[in-house]
Amino acid sequence: MKKLTFHPDDSVHAFITTVPEVSYGDGPLSGITVAIKDNISTRGIETTCASKMLKGYIPPYDAHVVTLLKNAGAAIVGKTNMDEFGMGTSTENSVYGPTLNPLDHNRVPGGSSGGSAAAVAAGLVDCAIGSDTGGSIRCPASFCGIIGLKPTYGRVSRYGLIAFANSLEQIGPMARDVITLSKLYSVMAGYDPRDGTSVDKPYSHTPSTDIDGLRIGVPDEFFGEGVNPKVAEEVKKAVDTLESLGAKAEPCSLPSMKYALSACYVISTCEASSNLARFDGIRFGPGVETLKSWHDAFSDHRKAGFGKEVRRRVILGTFSLAAGYYGRYYQKAQTARQLVRNDFHRLFKDYDVIASPTMPDIAFRFGKMSDPLMMYLSDILTVPANLAGIPALSLSCGKVDGMPVGLQLMGRHFEDERIIDTAFAFEQGAV
Ligand code: GLN
């Protein structure tokens, strides 16, 4: 075992916990520093989901991806800040306080994997791991100007990921360049019997810049109302660049887009209301040795409880699943989800890749998004890929007002390789 010390200058508050002395072994990621979002279990390292409810919880086991990273020689240097339980788009919903955008400290880094993106963008680590339920890898990647991938559903094990909405979410890699992202992903992907939705599709791909003949669909609905026209223009320019590199782009349509956001929020809050029921102040938290300390810990946790946004979501989800409302909300949302899947299925007959902006705007300033509904709306462009389970990534493609703009590339199920190649072609071709 080799050792490294990790004392980052974390002026953006990317980390909740750092590991000052890290041991690492040999392997394809030997000595590469990796930051892990704080909703992914790490044996012996506190894992809080940025919630008071889990403060002091030290998992007795590693998430599957963490085991894989360690076996590949990666140096796990710390746990990153996030919106509590992944619920948010700015990392402001953390009990530890927000993370700052390294490119402008008055702006949010995006969320919910904001700490992971900020750590990468600030150069504190080589790469990071996030989770994406409705855009939580791609949004902060877009706001901080890095690359983030939400893999095809099932390709990366969720064993050890503290669930928010398990039918939508995936763990994925975040990095400053495509090659590092691809290297990290090749270690993470693959079958794990401990995750019932795991699929045996390992990733062992060397990115290629050859996109000759690639057919790109550009859906009108992703450039509609609410999308900053300057952001739309940068993304259109990026698509032109891809065309100059050999691709062929065409406008197309995804009509079910109008249901996607509501469907995603109904499904995710319903799943959250069930997943979070285990946090009752008894099962998880600091270790307790005596009955007296057990009693104290229990009442402390009860008092501390969940933050406002988490409570809002649990109530929403419980309501939507209640007898009498179930058909009106949950069932309808599942029907809408199927429409989104069908639309993508149809589009992928004509196109290999779908391109769009990742976010409707650049990173917003702190406090700008105080209305939760406005915040939900900003996920409109990322949630369709979660509903459909298709791979989607965000890479930086330009700037508006000095802040990065994210280009979102979506692919067919299990064709993560193709969107990675497209990103690589753009990255190499645009310099
Ligand atoms: N921003 C979305 C939400 O608040 C998505 C979060 C996520 O992907 N974890 O639910």
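In this structure, the pairs whose alpha-carbon distance is over 28 Å, taken from K248/K399; K37/K183; K230/K332, are K230/K332.
Mean-square fluctuations from a GNM of the chain, with a 10 angstrom spring cutoff on Cα atoms, peak among A165, A323, A117 at A323.
From the P(r) of the chain, can you give the percent of Cα pairs sitting at distances over 34 Å?
Values: 23189 of 92665 pairs.
Tail fraction, whole percent: 25.
Over the Cα atoms of the range 43-109, compute the convex hull volume and normalise it per residue, giving Å³.
Working: hull volume 7.1 nm³, N = 67.
With only Cα atoms used, the range 43-109 gives 105 Å³ per residue.
Once C-alpha pairs closer than 8 Å and six or more residues apart are averaged by separation and normalised to the residue number of the chain, the relative contact order reads 18 percent. In plain terms, the residue of T5, T197 with the fewest other Cβ atoms within 10 Å comes first and the most crowded comes last, giving T5, T197. Here K3 is the anchor, and the aspartates and glutamates within straight C-alpha reach of less than 17 Å, apart from those fewer than 8 places off in the same chain, are E21, D26, D126.
If the viscosity is 0.692 mPa s and the temperature 37 °C, what translational diffusion coefficient in µm²/s does Stokes-Einstein give for the range 145-263 when Rh comes from Kirkwood over Cα pairs? Let's see the in-between values first.
Details: Rh = 17.0 Å.
Rounded to a whole number, D works out at 193 µm²/s.
Ordering 77-89, 398-410 by mean Cβ neighbour count within 10 Å, with the highest value first, yields 77-89, 398-410.
With a cut-off of 13 Å between beta carbons, the residues surrounding T318 carry a summed charge of +2, where Lys and Arg count +1 and Asp and Glu -1. Principal axis extents of the Cα atoms in the range 373-431, from largest to smallest and rounded to whole angstrom, are 38, 36, 6.
Write out the GluC sites (Glu not before Pro) in the range 209-270 meeting two conditions: DSSP loop, and at most 13 other Cβ atoms within 10 Å of their Cβ. Walk me through the intermediate numbers first.
Values: sites: E221, E225, E233, E234, E243; in loops: E225.
Counting only loop positions with at most 13 other Cβ atoms within 10 Å, the GluC sites (Glu not before Pro) in the range 209-270 are E225.
A Stokes-Einstein calculation at 37 °C with viscosity 0.692 mPa s, built on the Kirkwood radius of the range 91-186 over Cα pairs, returns a diffusion coefficient of 249 µm²/s. Of the residues I162, I315, I420, the one that moves most in a GNM of the chain with alpha-carbon contacts below 10 Å is I315. Its residues counted as N, the range 113-161 yields a C-alpha radius of gyration over 2.2 N^0.38 Å of 1.12.
None of the figures in this text is laboratory data; all of them are computed from the coordinates on show. It should be emphasised that the depicted structure is a prediction, and the values quoted were computed from it without experimental measurement. Glycine also receives a Cβ, built like all others from the backbone with ideal geometry; neighbour counts cover every protein chain displayed.
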